[in-house]
Amino acid sequence: MTYDRQKKVRLRERFLRLFVSETECESFFGDTDEYYSELYVEKGAFPANLWYAFHMTKSIITYLYVSTFWSLIMFRNYLKIAFRNLKRYKGFSFINILGLSLSIAASIFILMYIHYELSYDKFFPNATRIFRITNEIFLGDTEINHSQTPGPPGPAFAAEIPEVLQYARIVRISSIGENIPLKKDAEVFEDSGIFLADSTFFDIFQHTFVYGAPQSALKQPGSIVLTEGTAHRLFGNDDPLGKILSMSGFGIGDMKVTGVIKDLPDNTHMKFNYLISYHSLNESIRNEITFSDWGYFPFHTYVMLDKNANLSEVERKMEEVYQKHSGEKHTEIGARWKYSINKMTDIHLRSHLNGELETNNNIEYIYLQSIVALMIMIIACSNFMNLFVARSTDRAKEIGIRKVFGAIRKNIIYQIFGESLIMIIISLFLGLTAVISLLPFFNSLSGLTLSIPYIFNPQILLFLFFLLVATSLISGVYPAVLLSRFHPVRTIKHNMRSSRKRNYFRRSLVVLQFVISISLIFSTIVVLDQLDFMKDQNLGFDKEQVIIIKVKPGRVRTEAAAFKDLLKMNPEITEASFSTSVPGQRTGVNAFIPEGFQQDAPQIIETVRVDYDFIETYKLEMVSGRPFSDVMETEEQNAYLVNEQTAELLGWSLDESIGKGMQNITTEEPEKKIVGVIKNYHHKSLKNAIAPMIYEIRSIGRYLSLKISAENVSETLSYVEEKWTEFSPGLDLEYFFLDENFEKLYRSEEKLSTLFKYFAFLAVFISGLGLFALATYTAEQRTKDIGIRKVLGAHSAGLVVMMLKSFLGVVLFASVITFPVIYYLMNLWLSSFAFKTDISPWSYVLSVVLALAVAVFTTAHQTIKAASSNPIDSLRYE
Amino acid sequence: MIPLSRREEQVLLAIWNLKDNAYLLSIKKHLSKLTGSNWPLSAVQKPLLQLERKGFIKTHMGEASPVRGGRRKKICRISPIGIDALKALRKEQEVLWQEFLNIEINSINKK
């Protein structure tokens with residue numbers, strides 16, 4: 001029989017190669033081949049193959065056994081040493097684990113918050129294909145961005161642009177008219193979140209239906225879809241399908257419940273309770289606002305695009321469609337509209353247009369929060385590195401012995417990484433425990449309602465794993481490289497002294513920690529300063545003791561004057577005034593042609609309709625002319641008041657303004673004369689500059705402002721409530737205090753300041769811990785040094801100063817290099833406010849002093865103890 | 001003096017015996033034949049590597065043949081230190097054995 005090499009053998013060989021060292025490969029495989037061929041010739045194929053297979057298997061098993069067996073043994077040893085070290089250096093371990101678990105807990109919180117914010121609207125299966133149409137209106141020099149659009153563009157785009165597969169418009173009932181309440185069984189059942197929606201709504205937004213079918217739910221006129229919670233509240237456990245709700249307005253009348261969807265999650269920008277089919281609208285209203293009017297924009301229009309649609313291409317086509325339908329008409333009045341498209345999933349964090357469905361968050365704050373979390377992690381990792389390196393001299397002997405017994409550098413590196421991993425795993429568990437137990441507190445801080453299962457969401461777990469690996473790598477890498485480099489003989493023979501280089505490294509880590517701590521303290525101070533500034537600033541109107549009532553339909557509306565008079569009969573209510581907006585609430589804008597201006601250069605001015613008592617209620621000051629007065633009723637119908645800003649915008653002096661005419665081209669009213677100029681006041685938050693405003697008379701508005709005396713507030717309120725129920729039974733009285741409400745405008749800044757407060761504290765705390773451990777260690781290291789100095793006549797006080805100096809120097813150095821950067825950054829932040837506080841250099845000094853205080857406080861005890869020890873104790877063994 | 005294990009000693013002697021044709025497989029066969037029990041390749045491979053590391057043998061790559069899949073042999077040759085080590089071992093063994101043999105032989109004679 002001749003020997004024929006088989007392919008199989010080659011394959012096996014390739015596999016075996018993994019276990020055979022490179023130098024032995026050639027001869028070894030030659031030998032096995034030769035023997036194989038001999039067996040093959042002598043005994044046949046089967047025994048030869050058997051032999052080969054047997055030996056191959058055997059060697060693999062042996063290899064695996066030997067390698068895992070020994071690595072297990074070594075692993076057990078590493079574990080043992082790691083835990084022994086944990087126990088032996090209790091203080092160090094405690095500080096490390098405390099710092100790490102605190103920072104991990106903080107990072108998990110921030111992570112959850114960010115994850116939640118980023119998850120907005122992503123739960124729709126087709127979320128990436130849903131877009132919202134927005135528009136920019138250019139009128140003269142002004143440009144206004146709206147999230148709302150007119151009615152016609154949606155259908156027009158869907159019909160004429162092939163990429164637009166489907167459109168759906170929704171409109172809040174209150175934005176096309178008054179807030180008309182819903183009725184159930186002829187009883188007013190007032191509620192919020194009532195929208196009209198196109199029948200295609202559920203094609204785009206694929207909500208889950210509990211009752212009814214998405215395809216047909218909004219098809220018929222007079223259909224209404226509820227959310228599960230609302231349905232339950234209205235009808236209890238009954239089957240809500242076919243139940244009747246009604247609305248008296250817009251020709252809507254009775255509506256049948258045709259569908260119930262699952263309650264909306266919190267992380268959607270579009271929160272509604274009721275969706276009424278758009279066809280329920282009275283036809284004449286519908287025809288006007290949906291098809292012909294390209295200028296009136298109460299709708300939010302969403303489209304679903306083709307998968308491969310090119311956004312800029314779609315926008316270009318939208319421009320064409322717009323030009324075809326309405327471009328000319330707009331150009332005539334000096335306006336230009338531009339439609340754009342934005343991702344639905346971007347709305348919550350990146351969209352800040354007029355008329356958003358809800359106040360959106362800011363992506364920059366999300367970035368800021370991630371940076372802060374990262375900084376805290378860096379501080380904790382630096383602690384870890386620092387303490388490990390500081391202890392390196394203690395570990396040197398162990399490393400030396402290990403090397404003598406045959407450990408190679410790789411083994412030592414693994415060991416140290418392993419140790420840092422163990423510590424970080426412990427901290428991770430502690431951190432998670434902290435997160436779970438502090439979740440309610442976190443929820444109350446952030447205003448979210450996250451539950452514990454949220455933490456165990458796969459994305460967050462993945463990130464935690466990443467965090468685990470990253471932290472152990474970052475905190476383990478330097479100690480591992482450093483310790484594994486030790487020369488075995490030197491470690492055993494001499495006492496290792498910490499080298500200069502290592503000292504520099506340690507110091508720069510401490511500098512880094514204090515750079516972060518000082519930055520955070522300083523940022524906190526500046527944010528708080530700015531908040532205080534905004535809260536204490538004189539707003540130019542009287543905001544104390546003003547309550548605002550939201551006007552609702554019913555007799556309060558129809559008999560507004562009577563209601564007002566009735567309220568004013570109470571001696572505690574000194575003033576009352578209806579207006580369409582109050583300070584802190586949004587205002588409408590209208591376009592005006594002022595006297596002497598070109599017809600095609602309209603000015604956009606914020607417009608508020610107020611009654612005669614508005615000026616008096618808010619104690620606004622007139623700088624020129626007269627306020628509205630009820631003795632000249634007919635004349636006032638043709639009068640405007642403006643603020644100083646408007647006069648300035650139009651280039652008129654205060655006196656010149658009186659008697660000038662203005663024509664409102666939005667409402668197409670005849671020209672009216674300016675009769676007075678109001679001194680500037682802050683109608684909006686201090687984040688915004690004072691805008692030009694114009695006031696006209698109207699006896700009823702969305703809000704009723706009551707100026708009440710400081711005494712008997714609760715009696716006054718119950719009086720108001722009583723009268724309200726008389727006038728509008730069945731509707732809840734909704735009111736708020738103006739000053740509190742105005743401060744709500746600074747909620748995002750409040751949140752930011754809370755974040756900074758906690759994190760600055762955490763940063764300082766963790767850096768302090770690190771410094772404390774470092775001081776302890778240095779004091780221990782220098783006992784002999786101090787002993788000798790004392791023998792030679794040094795004073796304890798001098799020694800304390802000597803040791804403190806090194807720590808304080810580090811902090812001072814950190815403060816010097818931090819200053820320009822953080823000063824610049826905080827100025828950048830402040831520049832987003834129209835009215836801002838100046839950064840006082842003292843607040844920087846204060847932050848540095850705080851950091852120094854922490855440094856002294858944490859190091860003093862150990863240092864003094866070391867300095868006051870008896871030199872005999874430390875030098876006895878020399 | 002670097003010690004030699006029993007296996008190493010056997011392999012070293014086999015190499016000496018095989019002269020110019022000492023390589024893994026031939027050593028295995030030689031030893032299997034002489035001792036009458038099967039020596040697996042690994043039983044030879046390991047002492048060979050040890051011997052090489054200790055410097056008792058010198059190796060060089062020999063010729064290739066198709067039956068080896070075109071791969072060369074690693075020919076082993078005993079080095080002067082190897083010879084010395086064998087001699088030293090032998091001497092040591094003789095001394096140790098001497099006592100044993102004397103007593104055992106005497107006891108046999110007595111019977």
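At a glance:
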item	result
Amide H contacts under 5 Å for A:SER624, placed H, 5+ residues apart	A:VAL677
Spread of Cα-to-Cα distances over 10 Å intervals beginning at zero, given as percent, for the range A:734-811	14, 27, 18, 13, 12, 9, 5, 1, 0
Karplus (6.51, -1.76, 1.60) ³J(HN,Hα), θ = phi - 60°, over the range A:24-35, in Hz, Gly and Pro reported as x	8, 3, 4, 5, 5, 5, x, 4, 5, 5, 4, 5
Reachable aspartates and glutamates from A:LYS410, criterion Cα separation under 17 angstrom, eight or more residues apart if same chain	A:GLU398, A:GLU419
Exercise: per-residue mean of other protein chain Cβ atoms within 10 Å, B:60-69	5
Distribution of pairwise C-alpha distances over the range A:166-306, 10 Å bins, in %	12, 46, 35, 7, 0
Whole-Hz ³J(HN,Hα) from phi, Karplus 6.51 cos²θ - 1.76 cosθ + 1.60, for the range B:81-91, glycine and proline x	5, x, 4, 4, 4, 4, 4, 4, 4, 4, 4
The range B:92-107 versus the range B:13-33: alpha-carbon centroid distance in Å	30
For the range B:1-65, radius of gyration divided by Kirkwood radius, i.e. Rg to Rh on alpha-carbons	0.95
Cα centroid separation, the range A:302-369 to the range A:442-491 (Å)	41
Rh by Kirkwood over Cα pairs, then Stokes-Einstein D for the range A:43-124 at 0.692 mPa s and 37 °C, µm²/s	177
If the convex hull is drawn through the Cα atoms of the range B:44-101, its volume per residue in Å³	108
With eigenvalues of the C-alpha gyration tensor scaled by 5 and rooted, the range A:77-184, Å	57, 19, 17
Cross-link pairs A:LYS219/A:LYS256; B:LYS29/B:LYS73; A:LYS550/A:LYS707; A:LYS543/A:LYS757; B:LYS28/B:LYS74; A:LYS568/A:LYS673 - those with Cα-Cα distance over 19 Å	A:LYS543/A:LYS757; A:LYS568/A:LYS673
Per residue convex hull volume, Cα atoms of chain B, in Å³	117
Cross-link partners of A:LYS535 among aspartates and glutamates (Cα-Cα below 18 Å; sequence separation of 8 or more within a chain)	A:GLU544, A:ASP739, A:GLU740, A:GLU743, A:GLU749, A:GLU750, A:ASP838
Ratio of Rg to Rh over chain A (Cα coordinates, Kirkwood Rh, two decimals)	1.11
Over the range A:672-757, equivalent-ellipsoid semi-axes from the Cα gyration tensor in Å	28, 25, 13
Viscosity 0.692 mPa s, temperature 37 °C, Stokes-Einstein D of the range A:784-869 from Kirkwood C-alpha radius, µm²/s	213
Inter-part distance where the range A:559-592 and the range A:683-726 are each reduced to a Cα centre, Å	5
Helical mean residue ellipticity (222 nm; -39500 (n - 2.57) per DSSP H run of 4+; nearest 500) of chain A	-17500 deg cm²/dmol
Rh (Kirkwood; distinct C-alpha pairs) - the range A:585-717, Å	15.6
Cα coordinate range in the range A:359-494, projected on the principal axes (Å, largest first)	68, 27, 22
Whole-Hz ³J(HN,Hα) from phi, Karplus 6.51 cos²θ - 1.76 cosθ + 1.60, for the range B:20-32, glycine and proline x	7, 10, 8, 9, 2, 6, 5, 4, 4, 5, 4, 5, 4
Estimated D of the range A:566-629 in µm² per second, where Rh is the Kirkwood radius over Cα pairs and Stokes-Einstein applies at 37 °C, 0.692 mPa s	229
Inter-probe distance in nm under a simple model that places probes 7 Å from Cα toward Cβ, at A:ALA710 and A:SER284	5.5
Rg to Rh quotient for the range A:468-588, alpha carbon positions, Kirkwood Rh	1.50
Cβ-Cβ FRET estimate between A:LYS410 and A:MET622, R0 fixed at 60 Å, reported to 0.05	0.10
Efficiency of FRET between B:SER42 and A:LYS307 - r from beta-carbon atoms, R0 51 angstrom, step 0.05	0.25
Length gained when the stretch A:GLU319-A:LEU828 is fully extended (0.36 nm per residue, less Cα-Cα span)	179.6 nm
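All of the numbers you see were taken from the coordinates with simple rules; none came from a lab. Here the structure is a predicted model, which means the values were calculated and not measured. When we count neighbours, we look across all protein chains shown, and the Cβ atoms used for this are built from the backbone with ideal geometry, even at glycine.
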